[in-house]
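One structure below.
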Amino acid sequence: MSESPLRGASWRASDPAYAAGSQRMQSGQVDIVHELRRPTLGSPNIELIFFHGLQLGDYSEAYIKTWMSPDQSQSWISTWLVEKFPRSRVLSVSYDSIVRKSTTGKDGTIDLAATAEDLLISLIEVENVGNTQCPIVLIGHSLGGLVLKEICSHAERLSRVFSESLRVVPYKKFLNSIKGTFFYATPNGGSLEGELAAVLSGEEPFLTPKYLALLNHETARISGEFAKLRRKYGWKTYGVGEADETLISSTGSMILVEERQASFDMDTFSKIQGTNHINICQPGEKTSESFVCLVDFINSVIQDQEEAENEEVLLQFGLPEHGVSLEDRVRHVLEQLQLRETQPLMVALIGMGGIGKTTLARAVYMEIYSSFEFSSFVYNTKDALRLRSVDILFKDNLYRGEKKDTRTSLNKSVSVWKILKGKKALLVLDDVDDREQIKIVTSLIESNWFGRGTRLIITSRVRSDDLLHEFVSLEVRELNPDDSRTLFRCHATNPEVPEELVNKLVAQCGGLPLTLEIVGAYLRDEKNPKVWEETIRRLQRAESASGTVDNRLWNKLRMCYESLEGMEQEMFLDLATVFYDHHDLELLRAAWKRSIPAPEVGLKNLADRSLIKIVQQATKNDVDCGPILKRERVWIHAQLRDMGQAIAAKTRPKFVVFGQDDPAFNQLMTTNSSGESVVKGLKVSYFGQGQSRDRTKIPASFFSLPELRFLFLENVDISGFLVKFPPSLALLSLHHCRRVLASSTMSWHNWPLRDTDLASLSNLAALEICTDPKIDPPDSPGSSFSSSSPKLSLPSGFHKLSKLLVLLLRSEVVKELPPKFGHLPRLEYLDLRTPELAVLPESFVGLSTLERLCLQCRSLQKLPAAFGELKSLRILELHSLLIEELPESFGSLQALRKLDIYSCHKLFSLPDSIGKLTNLESLVLSSCNQLTLPESFGELEGLQSLEIRYCERLKQLPECFGQLQMLQTLKLLHFYELPNLPDSFGQLWSLQDLVMTQCLGLRKLPESLGQLGVLRKLRIVECYDLSALPASFGHLSALQYLTINRCQLRTLPESFGQLKSLQTLRLEKLPSLRSLPETFGQLSALKTLMIYQCENLPYLPASFGDLASLQRLEMELQSRIFSKLPDSFGRLSTLQTLKIISCHLQSLPETIGGLSSLETMRISLGKGVKVLPDIPDSFEQLTTLQELTLEVPPKSVAMDLLSVWLEKLEDMGWICTRGPIERAIVCHKASSFPKHGFEDGGFTAGRSFESL
């Protein structure tokens, strides 16, 4: 309400925040954002933004005075708060908040809307708040709370205005990054009556009564809009209120913001005793309640974010490497989705298996999901529904904007339908074959449960009227002959085979991408024409055979299966029937080793034949123990899986999967009529809405399966009987399995494995155990241990599992390993994600066969001194440990090939013996804040890949760095004080791939850089201080891909044109770039050029037209000074795609008709453009141009000018229609106008099947 009196100004000299703010205030700006603190090292993990309240006098220093300690000695938001959160970025705003009349007699007029608009521009465009997408917390006092609310509302309005433009990105980032709002004595209930009464009671005149009424009305509107927003984005809120009256005049005092106003619509509220309206945000000490409440709130936001990052799982797989004709198909689906329309819409992609429905749906999803409030993609719906209901599937895969909404998926008490009520959602269900499976989703859409603009996409092999009722159905057709041949040749690359045979074989594949890929891989290295001829005959027989479409496809694919060796066939059938839901590949390898020699060879052969794909996939952390780890997983196409299951059903014992409410659950047939076991694998998985005590209970007979080799139990209760695991088990996976025996005296009742089980598991090769206190609380009913129980461990006789090869243990209750743990004689792979594990037993170094070790143990303080005795160790991952050093014996790990060290914040150095690891090939050092490199580092003579990131103390690379003669890949990421690279850098003769991101302080690159003669890829990103490239840069004769982003380069060196191998060049956000060298046109191999946001680049060089190989050109100019293209532009005879975005071009060059290969052209006008670029007469010569898109910003070009422009195109034979996004016009040649029911930007509705 009022400014605090300052008794002195001693704080000003020592507080850089004041100095910086004063300097900016002198510029004449009224609404300003002041950066008070940012991390000295590293990127911030949170951004804290403070908003002061009403002021009686000069407000220019309110951004700092409001947040002073009572003795006025310091600003606590830049001292105490930074001590608590050293990685925070702290900002505070100044805005016109004065309520007195000025000396000129002008009334104070606080314009909240204008203030919010100015501050939002400063926050986003000047300070780049939200750009790093770390969480944001907004903190306001009094009126400042309303200002921050209005800023959020204004950002939301702009995000709608720019929804179809790139300009929406920073506003979406800002809104999605906000995670919490904190209010000091803010009237959240929609009234300023208390504060205004205080204003009016003063002796001096303040605001006019008319303006007071307006301000009070605005307060109600602002709070109402904010309430909707915070629910939409899931923002947390915390309010604190005053307990004491504030002196407002010489005669009286009052509570300015009542508790009912301050607590309104808050998640949490605290009344702070001993505070009034002014000093509530001036804590006297760090233990003051008003300070502690804010600290606790910020901690909760950071913890939520860390959980979200640790749980984030992206779409299972990216798009295929060879996406033939995918772009056109995606574009047509987007047209049918009518993204401009607000009515909900359901679209079905229909087609036979293997035709590319899932790939297409995934591509469409990845193109648009970030523009929806919520989105979810569910794979293999038909099979997934056997284990979970559709709402759980959506919830487990839910994204909020661009990020995985893990808090929702972890909160079992919240229904996904409640979350999505009224929200704009994108829902995709892959492989649906029955309307009952999606009945609840379609009924909710038809009843307008979801928000405006919601879209549902399904893929299905079924053409049923019942299923497709109310869907817009699009049939995914086979590839045409040209695309089929292209895809086939991507896999069958042998040039010696006659073209006639290739064409015949491609024709027999019927345009199915899956068949083309599998058969192509089958014949990849085959040179014998007779084999090709026999393959053609088999494909012909398969096509002419009777049966369903799927059966005919399986017949074609089966020949590839039959060509496998016997053991490889066995592995393929295991993958199709047992392991198709993406288990850790190490578990599979271990289980196979029991019966299959060298399973790695079989896996490679299956992958080479495209029958499976081995992918790196992030693993979900079931316990809170650090960053996500990537593990190898196996993926198999649904058609190949179904074919394998059909083969297995006739030839081998079966694998049984049970989910919740499965009617066959208690009727498992364990033997056939001859008494032979028919069950090889068993999986029971239950996901209910209740607590852990609601787990599925299974009968003891399930464990009496003599041939059972694979057993997966998830959320299962195996209590009530004496379990005896079958001795045939090769793999056992226990996730959240409860075991309570009322008669037991053991302390670990909830632990699923006991000493008495070990004898029956003597043949076990792979074991996975996962517990989670969120699901398996130690003090849950039936459990006799608590979280305070000392040193919980594995069974003491664990070492008796003498054939165990793989152990994956993820548990927050394990505090130690049994003393004889190191006596496991065959253990090869150990993954311990046990955050409470504080010490490894002395016997640990006795694991003589251990080849791969992952330790993710945040309580582990040291490794055994004899750690180097693990002579077989090949891969070592150390995550989130408390170790300060590695033992000197570390250099004795002579077999070590790969070393990853993540988030070991206390590790200050690598040992001198590190140089003895001469066989080390890959090294990752990440988030080790204290780490430095020893001089022996250059002795790593076998090192091929090195990644260093967030190692804040590492301010220079050692001079010996150039001795890494075998280094091929180098990533230097997030260095904050790296002034230069060593002169020896150019001696990295083998370096092929170099990435430098956020190497702050790096002003120049060494002249020796040009000596990197085999460097193929170079990325320089956010090296803000880099102002020039060395003159030797053009000597990088092998360089093919170059990206330069956010640097201070003014130009490129004259030698740049000597980059004879350069194929792709991206120049992005280079505000200082003034010119490109005349040698630029000498880049004879350049095929793709992208220039984004180089706003001070006035022109392209005259030599630009000499780029003889250029096929794709994209330019986002955002510059009024770039008004024309060079006359040589028309010499780009190989150019196929041209995109000019945010341009201010006055005309297209007369020579444009020379673009004889141009197929697609997009012109997006910049903001404020009033005229369209002239169309030269030579435009008619663009005979290959098929599509022209013009995007016109709102309130720019007059309609009569636009009409004249379009009429000229129509006279040239073009047909122009509205595009799929607002203010876009799409033009096609009349002769090639697409026949997709496309009509005035819409589509032909109904259930007709349209070809893509």
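Return the only residue of GLN963, GLN930, GLN968, GLN956 being touching a Phe, Trp or Tyr at 6+ places or on another chain (Cβ under 7 Å) and open to solvent by 30 Å² or more (accessible area, probe 1.4 Å).
Criteria check complete, one pass: GLN930.
Kindly indicate which of ARG1131, ARG1120, ARG1112 is touching a His at 6+ places or on another chain (Cβ under 6 Å) and farther than 18 Å from PRO1053 by Cβ.
Every option except ARG1120 fails the conditions.
Mind checking which residues of the stretch 983-1032 are on the phi > 0 side of the Ramachandran plot and either in a helix (DSSP H, G or I) or surrounded by fewer than 16 Cβ atoms within 10 Å (Cβ to Cβ) (or both)?
GLY1001
Within the stretch 905-916, identify whether any single residue is assigned to a strand (DSSP E or B), open to solvent by less than 40 Å² (accessible area, probe 1.4 Å), without any contact (Cβ under 8 Å) to a residue 40 or more places away in the chain and under 20 Å from GLU885 (Cα atoms), and answer yes or no.
Yes - at least one qualifying residue is present in the stretch 905-916.
Quick one: count up the residues across the stretch 857-904 that are in a loop (DSSP other than H, G, I, E, B) and open to solvent by 60 Å² or more (accessible area, probe 1.4 Å).
10
Please determine whether any residue of the stretch 825-841 is surrounded by fewer than 18 Cβ atoms within 10 Å (Cβ to Cβ) and closer than 23 Å to LEU734 by Cα.
Checked the stretch 825-841: at least one residue is surrounded by fewer than 18 Cβ atoms within 10 Å (Cβ to Cβ) and closer than 23 Å to LEU734 by Cα.
Name the residue that is modelled with the highest pLDDT, counting only residues in the stretch 318-333 that are under 25 Å from ARG400 (Cβ atoms) and crowded, with 16+ Cβ neighbours inside 10 Å.
Result: VAL333.
Considering only helices (runs of 4 or more DSSP H) fully contained in the stretch 377-448, which possess at least 1 residues that are β-branched (Val, Ile, Thr), touching a helix residue (DSSP H, G or I) at 6+ places or on another chain (Cβ under 6 Å) and modelled with pLDDT of 70 or more?
416-420
Each row is one residue, and each column tells you yes or no for (1) farther than 30 Å from ALA590 by Cα; (2) assigned to a helix (DSSP H, G or I); (3) at pLDDT below 80; (4) among the hydroxyl-bearing types (Ser, Thr, Tyr).
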| site | (1), (2), (3), (4) |
| --- | --- |
| ASP466 | yes, yes, yes, no |
| LEU474 | yes, no, no, no |
| THR535 | yes, yes, no, yes |
| LEU553 | yes, yes, yes, no |
| LEU557 | no, yes, yes, no |
| MET571 | no, yes, no, no |
| ALA576 | no, yes, no, no |
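Among the residues of the stretch 1036-1080, write down those that are of a type in the set (S, T, N, Q) and either farther than 18 Å from TYR1024 by Cβ or open to solvent by 40 Å² or more (accessible area, probe 1.4 Å) (or both).
Those that are of a type in the set (S, T, N, Q) and either farther than 18 Å from TYR1024 by Cβ or open to solvent by 40 Å² or more (accessible area, probe 1.4 Å) (or both): SER1037, GLN1040, GLN1048, THR1051, SER1055, GLN1058, SER1061, GLN1063, THR1064, SER1075, THR1079.
So which residues in the stretch 623-640 are modelled with pLDDT under 75 and open to solvent by less than 20 Å² (accessible area, probe 1.4 Å), if there are any at all?
Listed by number, the residues that qualify are VAL623, CYS625, GLY626, LEU629, ARG631.
When the stretch 250-303 is examined, which residues are found to be among the aliphatic types (A, V, I, L, M), under 20 Å from SER75 (Cα atoms) and either assigned to a loop (DSSP other than H, G, I, E, B) or touching a His at 6+ places or on another chain (Cβ under 9 Å) (or both)?
Residues satisfying the conditions are ILE278, ILE280.
Please work out if VAL147 is open to solvent by less than 30 Å² (accessible area, probe 1.4 Å), of a type in the set (A, V, I, L, M, F, W, C) and not in a helix (DSSP H, G or I).
So VAL147 does not fit the description; no.
Could you run through the stretch 417-442 and say how many residues are closer than 18 Å to ARG231 by Cα, in contact (Cβ under 8 Å) with a residue 24 or more places away in the chain and open to solvent by 10 Å² or more (accessible area, probe 1.4 Å)?
Adding up the residues that qualify gives 6.
The values are calculated or read from the model by the stated rules, or taken from the named source; none is laboratory data. Since this is a predicted model, take the numbers as computed values, not measurements. Glycine also receives a Cβ, built like all others from the backbone with ideal geometry; neighbour counts cover every protein chain displayed. Accessible surface is based on the protein model in full, side chains and every heavy atom, while ligands, DNA and RNA are left aside. Shrake-Rupley method; radii C 1.70, N 1.55, O 1.52, S 1.80 Å.
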